[in-house]
Amino acid sequence: MTATEIPDGFELHTRKSPLTEPWEPLYAKRTDKAVIIGLRLAKPHTNGRGLIHGGLIAALSDNAMGYSCAQATNWTTSFVTIGLAVDFVGTAEVGQWLAIETEVIKTGRTICFAQSLIKADDVVIARANATFRVVPKKAPVATEQV
């Protein structure tokens with residue numbers, strides 16, 4: 001795979017947010033059990049040393065796990081993060097393919113638990129877990145265009 005190829009099964013991610021907009025393009029791949037978020041790492045994803053920034057990993061892991069919980073409940077509810085933990089066990093560089101592979105552990109009436117492995121070119125560089133609160137679904141907030 002070249003540094004510009006997108007792995008099979010990934011399509012442009014359609015769920016946009018002001019936080020992730022500067023990191024576009026983001027990609028998503030849906031399985032029966034999860035939403036996997038992926039992207040080709042570029043300079044805007046790095047820290048001052050040129051390595052992927054931990055904040056990017058945390059934010060995208062939170063997104064992927066939340067989307068996976070939503071998919072597990074047929075997109076009928078929304079979720080807000082109660083707790084998020086990320087363990088960094090490696091690093092990644094510009095040009096690598098980053099994928100957040102999520103597993104929903106348990107969904108309930110009020111709580112959802114999920115975990116994920118964050119991989120750079122199929123090598124685990126971090127793991128994350130999160131607890132989400134189930135909340136009533138409401139209309140998306142309109143964002144002002146600049």
Next item on the list: Take the Cα gyration tensor of the chain, multiply each eigenvalue by 5, square-root it, and list the three semi-axes largest first, rounded to whole angstrom.
Entry: 25, 17, 15
Check: What Rg and what Dmax come out for the stretch 1-81 when only alpha-carbon atoms are used, in angstroms?
Finding: 13.4, 42
Note to self: Using 10 Å bins from zero, what percent of all Cα-Cα pairs in the stretch 43-112 falls into each bin?
What the structure shows: 17, 45, 25, 12, 1
Notebook entry, point to check: Leaving out same-chain residues fewer than 8 places away, which lysines sit with a Cα under 19 Å from that of residue 119?
Noted result: 29, 33, 43
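Given a Förster distance of 25 angstrom, what is the FRET efficiency for residue 127 paired with residue 8, based on the Cβ-Cβ distance and rounded to 0.05?
0.55
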Notebook entry, point to check: Nearest 20 debye, what's the magnitude of the dipole of the chain about its Cα centre given +1 on Lys and Arg Cβ and -1 on Asp and Glu Cβ?
Noted result: 560 debye
Item checked: DSSP-loop chymotrypsin sites (Phe, Trp or Tyr not before Pro) across the stretch 67-138, with at most 12 other Cβ within 10 angstrom -> 75
Notebook entry, point to check: In degrees, nearest 10, range 0 to 90: what is the angle between the Cα axis of helix 54-72 and the longest Cα principal axis of the chain?
Noted result: 40 degrees
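Readers should treat all values here as calculations from the given coordinates under stated rules, not as data from a laboratory. Bear in mind the structure is a predicted one, so any value in this text is a computation, not a measurement. Counting neighbours? That spans all protein chains shown, and the Cβs are built from the backbone with ideal geometry, glycine included.
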